1. Hey, among the residues in the range 43-102 that are part of a helix (DSSP H, G or I) and in contact (Cβ under 8 Å) with a residue 60 or more places away in the chain, which one's nearest to residue 133 (Cα to Cα)?
2. How many residues are open to solvent by 20 Å² or more (accessible area, probe 1.4 Å) and free of Cβ contacts under 8 Å to residues at least 60 places away in the same chain if we restrict to the range 167-178?
3. Out of the range 129-166, which residues are outside any loop (DSSP other than H, G, I, E, B), open to solvent by 30 Å² or more (accessible area, probe 1.4 Å) and not charged (D, E, K, R)?
4. Among the listed residues 35, 29, 68, which satisfies the condition of being at pLDDT 95 or above and of a type in the set (S, T, N, Q)?
5. Does the range 32-39 contain at least one residue that is within 27 Å of residue 159 (Cα to Cα) and among the polar types (S, T, N, Q)?
6. Going by the structure shown, is residue 57 modelled with pLDDT of 90 or more and either exposed (fewer than 15 other Cβ atoms within 10 Å of the Cβ) or under 30 Å from residue 7 (Cβ atoms) (or both)?
7. Take the range 122-139 and flag every residue that is touching a strand residue (DSSP E or B) at 6+ places or on another chain (Cβ under 7 Å) and within 20 Å of residue 45 (Cβ to Cβ).
8. Just for the range 28-42: of the residues that are assigned to a loop (DSSP other than H, G, I, E, B) and of a type in the set (Gly, Ala, Ser), which one is nearest to residue 127 (Cα to Cα)?
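The values are calculated or read from the model by the stated rules, or taken from the named source; none is laboratory data. It should be emphasised that the depicted structure is a prediction, and the values quoted were computed from it without experimental measurement. Note that we place each Cβ from the backbone using ideal geometry, even for glycine, and neighbour counts take in every protein chain shown. Note: areas computed on protein heavy atoms with side chains; ligands, DNA, RNA excluded. Shrake-Rupley method; radii C 1.70, N 1.55, O 1.52, S 1.80 Å.
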Amino acid sequence: DMKRKVAIIGGGMTGAAASKCLSKCSNIQIDIFDQGRRGVGGRTSSRRYDIRDGNDEAATVRFDHGCQFFRADTERFKKLVYGWIEKGYVSEWNGDFRSSIKQEHEFFGLPSTPPFYVAVDGMQSLSKNILIDASASADVRIHPGVRVAQLDRDVATKKWRLIGTSGEAAYHDTAEKLQLDCQRNVIGEESGYDAVILTDISSSFGGWHRASAGVPDFFFESSEGQSRCTCSSANCHDRI
């Protein structure tokens with residue numbers, strides 16, 4: 001098998017976008033590992049609950065508990081968003097924004113300049129739809145409920161092996177004792193991967209962090225002294 005194999009750690013927007021870009025390459029296998037309890041989506045997660053309404057009729061309530069809307073500020077991103085609108089993935093959100101305080105600077109608050117956009121079927125659906133698009137043109141394999149806890153590189157083959165857990169022990173909100181007592185095994189390709197993409201800076205934290213991928217110290221040597229974005233960022237190791 002001469003396919004180039006790439007592992008993406010994280011199935012949120014960054015992981016989905018990375019898989020979509022890589023899907024344009026020929027002869028490639030893309031494996032996405034996500035530890036979310038409700039599937040891929042990361043910070044664009046949504047929840048659904050079945051309830052009884054005021055008339056005792058069955059109803060489903062859906063809400064976004066991560067990113068609730070977004071804005072496109074660059075021409076490149078605008079082009080992507082317009083394409084998502086044409087496919088029915090995204091629509092403009094004309095919310096009634098009100099504030100009692102005049103804000104001169106935007107930071108984790110409601111931005112002052114529209115347009116704003118939301119995913120049509122909950123924010124989580126955007127990541128899922130992007131991954132479906134990527135799967136249409138490439139060999140994309142999604143591994144849900146999997147935590148990558150360690151990266152090992154074979155000196156001879158120069159390939160990366162992923163060590164981790166799956167099931168209940170993999171979720172970020174699992175009891176610490178269960179997480180510590182679990183057995184770690186090789187996940188994904190036994191022979192390893194040609195490249196690994198980390199979609200969140202938390203992957204480089206120490207083993208104390210639930211999202212740590214056990215990244216070797218030399219992984220970030222090439223970016224030493226450079227700033228690292230904490231949200232929706234990607235770091236690809238190119239020593240292959």
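1. 44
2. Residues meeting the conditions: 6.
3. Listed by number, the residues that qualify are 129, 132, 135, 136, 137, 142, 143, 144, 150, 166.
4. 29
5. Among the residues of the range 32-39, at least one is within 27 Å of residue 159 (Cα to Cα) and among the polar types (S, T, N, Q), which makes the answer yes.
6. Considered against the rule, which asks whether it is modelled with pLDDT of 90 or more and either exposed (fewer than 15 other Cβ atoms within 10 Å of the Cβ) or under 30 Å from residue 7 (Cβ atoms) (or both), residue 57 comes out as no.
7. Of everything in the range 122-139, those that are touching a strand residue (DSSP E or B) at 6+ places or on another chain (Cβ under 7 Å) and within 20 Å of residue 45 (Cβ to Cβ) turn out to be 122, 123, 124, 125, 126, 131, 134.
8. So the residue we want is 41.
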